[in-house]
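See below for the structure under consideration.
The values are calculated or read from the model by the stated rules, or taken from the named source; none is laboratory data. In this text, all values refer to a predicted model and were calculated from it rather than measured experimentally. Here the Cβ is made from the backbone with ideal geometry for all residues, glycine too, and neighbour counts use every protein chain on show. To get the accessible areas, we keep the full protein, side chains included, count just its heavy atoms, and leave off ligands, DNA and RNA. Shrake-Rupley method; radii C 1.70, N 1.55, O 1.52, S 1.80 Å.
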Amino acid sequence: MNSTGWKKYPQEVVDRLFQAIDEDDVINNETTALPLIKLCTSQQNIRDYYALCLQLWDEGFTREELLGLINQLLAGQDLSLAQRKQYKFIRARYKHLRFAQRLYSKKHDADKIFRITTVCLGHLQDGFKNGNKKNIQHYGKILRILLSRPIWSWVKYSLENLPLDTEAGFQSYLSRQKKALARMVNQTTVTGTEFHDVRKIVSQLVSFFDTQRSIENNTPHAYAVSRFLANINGLMGDKHDEMVADKLSGTRPYETPLSLDSHTRECLEQLLEKIAHE
């Protein structure tokens, strides 16, 4: 335990989680026979899983490092390849902890300021990847405020004192997520927002099994589910990048209805078939 009362993991466990996150949107064919998936876990695991996600974020970077990258962009200077990678990894830690708050907290939602920060980090990344100077300035300035010392301290306190849900509450939440996923997969077309909502559910499930397999040292079941979900996440991520680029270039409005490609739909249907009934 550390001074905040959360379990402290050995560095090798944290490294395994970081590696899993780095692979959580990589298209792959590692899993041909997806095992049965049970969307439940124990009360102790809920606490332990959140503790690892918090540790990954807390120890992975400093406020000053992130501000340095943002200030460089605001000054009109591009980021080097190494700096872009550094930014990507910081944002990945934010996203993983945001998913952890949605999964394990009583409210099943992220801290408001933490959520806004994570979203702005994504918009800023879209801005510098697509050369959109207006977005860089807009979101960079917002992030500079959100990362000011008083706000940073408050967010850190709220993360360390997050009320966690019960085992039953956790299972009920994931049951609702499964039903939402099934509804959207059964639609003929989805809007940009609906597509993104589908991917958020998949990404959240990836984060759960990434955390589980990191703690369990890549047990076959957790690893197989994690990699299968990563494949769907990668397929949908590539498509979403296209949609964002089209929106920023004015080629196509983000909310234009589109059909899920047959391979992605097939993978999502296979996922739904393998989730055990409550």
* Have a look at region 166-278 and give its Rg and Dmax from the Cα atoms, expressed in angstrom. => 15.2, 46
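Please work out the ratio of the alpha-carbon Rg of region 229-273 to 2.2 N^0.38 Å and round it to two decimals.
Working: Rg = 12.1 Å, N = 45, 2.2 N^0.38 = 9.3 Å.
The reported ratio for this selection is 1.30.
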* **Area accessible to solvent at I113, 1.4 Å probe radius, in Å²** => 50 Å²
* Picking from G169, G131, G234, which is most flexible by a Gaussian network model of the chain using Cα springs under 10 Å? -> G131
* Can you list, bin by bin at 5 Å, the percent of alpha carbon pairs in region 63-170, starting at 0? -> 2, 12, 22, 23, 16, 11, 7, 4, 2, 0
* At a 1.4 Å probe, what is the % contribution of carbon and sulfur to the accessible area of the chain? -> 52 percent
* Mind grabbing the base-10 log of I(q)/I(0) for region 96-136 at q = 0.16, 0.25, 0.34 Å⁻¹? Debye formula, identical points on the C-alpha positions, no solvent, two decimal places. => -0.48, -0.75, -1.03
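Once you list every other residue whose beta carbon is under 12 Å from the beta carbon of E23, what net charge do they have if Lys and Arg are +1 and Asp and Glu are -1? Don't skip to the end; give the middle numbers.
On the way: positive: R16, R213, R227; negative: D22, D24, D25, E30, D210.
Taking every Cβ under 12 Å from that of E23, the sum is -2.
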* **Bins of 5 Å, starting at 0 and running to the largest distance - Cα pair percent for region 8-50** => 5, 15, 15, 21, 25, 15, 4, 0
* If the viscosity is 0.692 mPa s and the temperature 37 °C, what Stokes-Einstein diffusion coefficient in µm²/s follows for the chain when Rh is the Kirkwood radius over Cα pairs? -> 168 µm²/s
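So if R0 is 45 Å, what FRET efficiency would Q44 and D197 give, r being the distance between their Cβ atoms, rounded to the nearest 0.05? Write down the numbers at each step before the final one.
On the way: r = 31 Å, r/R0 = 0.68.
My answer for the efficiency is 0.90.
On alpha-carbon atoms, Rg over Rh for region 187-241 using Kirkwood Rh?
Using Cα coordinates only, the ratio equals 1.08.
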* Asked: What is the distance in Å between the Cα centres of region 119-183 and region 1-68?
  -> 16 Å
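Please grab the % of Cα pairs in region 1-120 that end up more than 26 Å from each other. Display every interim value, and only then the final one.
On the way: 2164 of 7140 pairs.
Of all Cα-Cα pairs in region 1-120, 30 percent lie more than 26 Å apart.
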* Structure fact -> Between R183 and K274, the two model label points (7 Å from Cα along the beta-carbon direction) sit apart by a distance in nm of 2.5 nm
